[in-house]
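Presented below is the structure to which this report refers.
We did not get these values from a lab; they are worked out from the coordinates using the rules stated. What you are looking at is a predicted structure, and each value in this text was computed from that prediction instead of being measured. All Cβ positions, glycine included, derive from the backbone under ideal geometry; neighbour counts span all protein chains shown.
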Amino acid sequence: MKKYFLLFVFSTALNLEASYAQKEINNWCFPADAGMDFNNGSPLVFNTSMSTTYQEGCSSISDINGNLLFYTDGNTIHDKNNLIFPNGSMLIGSYTTSQGALIVQQPGSTAIFYVFTLDLQNGPNGLHFSTVDLNLNGGLGDVSVLNTPLSSGTIFGEKMIGIRHTNNNDVWVVVHESFTDAFYSYLVTSGGVNPVPVITNVGQFWSVNNDVGTMHCTLDGTRIAAALWGNLSGYELYDFDKSTGILSNPLYLTSPNYVNAYSVCFSPGGRYMYGGCYNTNLIYQFDLQQAAPVGQLIANTPAAVGDMQIGPDSNIYLVLTGWNYVSAIYDPDSAWAMCNYVQNAVNLNGGACSIGITNFVYPVYNQQPLALFNGTNHICPGTCTDFNNLSHNATSYLWTFQGANPGTSIDANPTQICYNTPGNYTVSLIASNAIGSDTLVLNNFITVYPYPSPQGISQGGDTLYANPGATSYQWFYGGNIIPGATDYFYVAAQSGNYNIVATDVNGCEVEAAIFDVAAEIQVAVSSSNEFEIYPNPVENKLMILDLNSNQEIINSILIYNALGERVVAVTLPVTNRLLHEGIDCRLLSAGMYWLEIKTGNHIFRTKLLKN
């Protein structure tokens with residue numbers, strides 16, 4: 001039988017700061033004169049934003065160096081000096097719309113931007129866009145074209161997101177029509193906004209109040225999730241084709257626990273989705289690798305849960321209505337118990353959260369790749385492991401595995417990377433795209449446990465002995481498991497080939513075998529003249545009468561259940577007094593057992609019934 005090793009592992013999920021080539025999303029202006037600046041990595045709070053006190057939908061945009069350009073709440077547009085554009089106070093969106101504003105830069109231009117606005121649910125103004133030209137107003141910018149309607153007469157809900165086209169230049173603006181199952185995808189190109197949408201009828205029929213709440217997409221833009229308020233009480237996921245703007249493959253997640261689901265956000269790696277329920281103050285995590293994901297509760301907050309958004313540092317930030325701190329999930333690519341939710345993560349310095357948080361286009365324009373991975377990293381010698389690539393925006397990969405076979409790989413998710421020698425080993429990943437590359441080096445990431453202690457099998461009479469000291473043992477006969485044979489020794493019941501698998505404290509297994517065992521056991525039957533047992537069936541005490549005239553010393557009396565598991569053991573030598581007192585069988589369940597009495601080189605074995 002071949003040598004066994006049991007894989008005993010700890011999974012480590014990594015979450016590192018993103019490295020963006022562009023910094024268009026580095027300034028977040030949101031409610032209550034508050035905002036966050038990510039230009040130095042961790043968010044720095046500023047209190048100069050002139051946003052509306054009670055606000056949901058908002059959007060802000062910076063230049064490629066992270067300098068704030070302007071921001072909007074769907075009703076007004078403020079410049080970088082927090083002054084309203086000369087023509088920026090007449091937008092016909094609504095600051096009480098969940099995602100009432102979205103700023104989209106015209107592809108190929110550094111001066112022209114489109115501000116998309118949505119009216120509140122069932123509102124008559126629907127979807128519009130206004131054109132902003134930063135060459136106006138002395139370079140501070142102004143609205144050049146105000147409130148251009150899209151799909152006039154169509155009533156839209158409160159959800160709106162922007163997703164980068166597969167060509168990495170154009171942008172899809174995705175909204176949902178009220179009282180239907182229709183998504184509208186409008187394409188923004190270097191030529192402007194295409195007024196003819198791509199319409200997809202998919203998923204649930206959104207009725208009154210289902211339009212409230214937000215939707216977001218994965219960082220790569222291939223999946224969309226929507227929070228469904230009201231009677232649908234849940235979340236719906238879709239695949240998104242970035243080439244065509246079409247949504248497909250809806251997955252509806254509902255539960256009474258998800259009442260008034262308001263917000264949703266994906267982890268950077270896309271495996272986990274987070275959902276917030278406004279009135280119940282609950283935050284859930286969903287593992288999207290499950291066929292039917294069930295929300296794991298990660299927080300019961302002290303205030304209503306508003307919108308959530310992924311930051312430039314790959315953390316998820318979320319707002320609790322009226323709270324003086326922005327909350328955060330610092331390890332969003334880790335399972336729910338380890339995702340590291342922190343309620344008072346960012347002090348707003350006197351500001352207070354409302355319901356909304358900034359809205360922007362996914363993924364950020366011309367992103368640098370971010371190298372990110374995890375994998376099983378505590379293993380036994382002679383075993384292999386796989387790696388899970390969580391990188392963002394990369395198109396090619398180069399892995400290096402110190403001490404492994406193979407030592408390199410260009411696969412996105414390498415499998416069967418094998419380690420034979422105990423020790424600690426470094427793993428590195430270079431993730432690249434047309435813009436550049438990012439390298440992640442994890443020193444001593446792989447731990448290969450020491451070799452398990454060698455095993456051997458010796459024989460004494462009919463008893464086989466393995467080396468003691470392992471954590472657990474399992475005996476096999478002819479390659480088949482022997483149920484209940486889990487001691488370091490085993491009494492061979494028949495001749496043949498035996499082997500044992502021993503497990504050490506690290507969970508690593510090692511095997512030993514012995515062949516052509518010649519068992520000399522002489523098994524007596526109950527009608528022999530050695531022992532008499534009674535009563536059989538037994539209820540309370542089993543009496544054993546020694547009929548052997550030679551008075552051999554009894555080494556042990558054992559009782560096994562039908563699975564071969566030992567349930568009673570008397571291993572003295574056994575005295576005549578004990579035999580006369582009987583064996584207590586009151587704790588045995590009703591059924592069939594084997595009684596085994598060993599004397600010297602002889603074993604007496606017979607069936608025993610328990611009433």
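How would you rank 73-80, 604-611, highest first, on the average number of other Cβ atoms within 10 Å across their residues? Could you put the intermediate results ahead of the total?
On the way: 73-80: 23.9, 604-611: 16.8.
Answer by packing, highest mean first, reads 73-80, 604-611.
Once the dipole of the chain is set up with Lys and Arg at +1 and Asp and Glu at -1 on Cβ about the Cα centre, which of Leu288, Leu251, Cys585 lies farthest towards its positive end?
Selected residue: Cys585.
Which of the peptides 118-129, 443-454 is most tightly packed, and how do the rest follow, judged by the mean count of other Cβ atoms within 10 Å per residue? Please report the intermediate quantities before stating the final value.
Details: 118-129: 20.3, 443-454: 16.3.
The peptides rank, most packed first, as 118-129, 443-454.
Would you work out the charge dipole size for the range 207-340 about its Cα centre, treating the Cβ of every Lys and Arg as +1 and the Cβ of every Asp and Glu as -1, and quote it to the nearest 20 debye? Display every interim value, and only then the final one.
Working: 3 positive and 10 negative charges, 31 e Å.
The dipole magnitude comes to about 140 debye.
Can you tell me the dipole magnitude for the chain around its Cα centre, using point charges on the Cβ only (Lys, Arg +1; Asp, Glu -1), in Debye to the nearest 20?
Values: 17 positive and 44 negative charges, 115 e Å.
Taking the Cα centre of the chain as origin, the dipole is about 560 debye.
Which order do peptides 95-101, 582-588 fall in by mean Cβ count within 10 Å, highest first? Please list the in-between numbers first.
Numbers: 95-101: 27.4, 582-588: 14.7.
Highest mean packing first, the order is 95-101, 582-588.
Using only alpha carbon pairs under 8 Å that are at least six residues apart, calculate the relative contact order of the range 385-462 and give it in whole percent.
Numbers: 127 pairs, mean separation 21.5, N = 78.
Reported relative contact order: 28 percent.
Rounded to the nearest 500, what is the 222 nm mean residue ellipticity of the chain from helices alone, with -39500 (n - 2.57) per DSSP H run of 4+ residues and division by all residues?
On the way: 1 runs with 6 residues, N = 611.
Calculated mean residue ellipticity at 222 nm is 0 deg cm²/dmol.
For the chain, just give the cysteines left without a disulfide-compatible partner, judged by no other Cys Cβ under 4.7 Å.
When partners are defined as cysteine Cβ atoms under 4.7 Å apart, the chain leaves Cys29, Cys58, Cys217, Cys265, Cys277, Cys339, Cys353, Cys585 without one.
Work through the residues other than Phe156 whose Cβ is under 10 Å from its Cβ and net out their charges, Lys, Arg +1 and Asp, Glu -1.
Values: positive: Lys159; negative: Asp119, Glu158, Glu177, Asp211.
Once all neighbours under 10 Å are counted, the net charge is -3.
What percent do you get for the relative contact order of the range 155-251 when only Cα pairs under 8 Å and 6+ apart count? The partial results should precede the final answer.
Values: 225 pairs, mean separation 23.1, N = 97.
24 percent.
Quick one: which residues, 5+ away or cross-chain, put their amide H under 5 Å from the amide H of Phe489? H built at 1.01 Å from N.
For Phe489, whose amide H was placed from the backbone, the distant partners under 5 Å are Ala466.
Under 5 Å between amide hydrogens, which residues at least 5 positions from Val264 or on another chain qualify, with H placed 1.01 Å from N in the peptide plane?
Amide H neighbours of Val264: Thr214, Gly276, Met308.
Suppose we take every Cα in the range 138-246 and form the convex hull; what volume per residue is that in Å³? All intermediate terms of the calculation are to be shown ahead of the outcome.
Working: hull volume 13.8 nm³, N = 109.
So the per-residue hull volume is 127 Å³.
Evaluate the range 155-206: find the radius of gyration of its Cα atoms, find its Kirkwood radius, and give the ratio Rg to Rh. Intermediate results must be reported in sequence, preceding the final value.
Working: Rg = 11.6 Å, Rh = 11.5 Å.
In the range 155-206, Rg relative to Rh is 1.01.
First select every other residue whose beta carbon is under 12 angstrom from the beta carbon of Phe205; then total the charges, Lys and Arg +1, Asp and Glu -1.
Values: positive: none; negative: Glu177, Asp181, Asp211, Glu236.
So the surrounding residues net to -4.
Please work out whether the range 133-184 counts as rounded, prolate or oblate from its C-alpha gyration tensor, where a ≥ b ≥ c are the square roots of the eigenvalues and a/c under 1.5 means rounded, while otherwise a/b larger than b/c means prolate and anything else oblate?
Details: a/c = 3.33, a/b = 1.58, b/c = 2.11.
Oblate.
Under a 5 Å amide H to amide H cut-off, with H placed in plane at 1.01 Å, what residues pair with Val427 once short-range neighbours are removed?
Those qualifying (amide H under 5 Å, at least 5 residues apart or on another chain) are Leu442, Asn444, Phe445, Ile446.
Would you mind counting up the charge near Pro43? Only other residues with Cβ under 11 Å from its Cβ, with Lys and Arg at +1 and Asp and Glu at -1. Walk me through the intermediate numbers first.
Working: positive: none; negative: Asp37, Asp313.
The answer is -2.
Could you tell me whether the chain comes out rounded, prolate or oblate from its Cα gyration tensor? Rule is a ≥ b ≥ c as square roots of the eigenvalues, rounded for a/c under 1.5, then prolate if a/b exceeds b/c, otherwise oblate. Numbers along the way, then the final one.
Numbers: a/c = 3.60, a/b = 2.59, b/c = 1.39.
In terms of gyration-tensor shape, prolate.
Separation of the range 191-254 and the range 460-488 by C-alpha centroid, Å?
What the calculation gives is 59 Å, centre to centre.
Rounded if a/c is under 1.5, else prolate if a/b is larger than b/c, else oblate: which is the range 86-195, with a ≥ b ≥ c the root eigenvalues of its Cα gyration tensor?
Values: a/c = 2.29, a/b = 1.30, b/c = 1.77.
Judged from the Cα gyration tensor, the range 86-195 comes out oblate (a/c at least 1.5, b/c at or above a/b).
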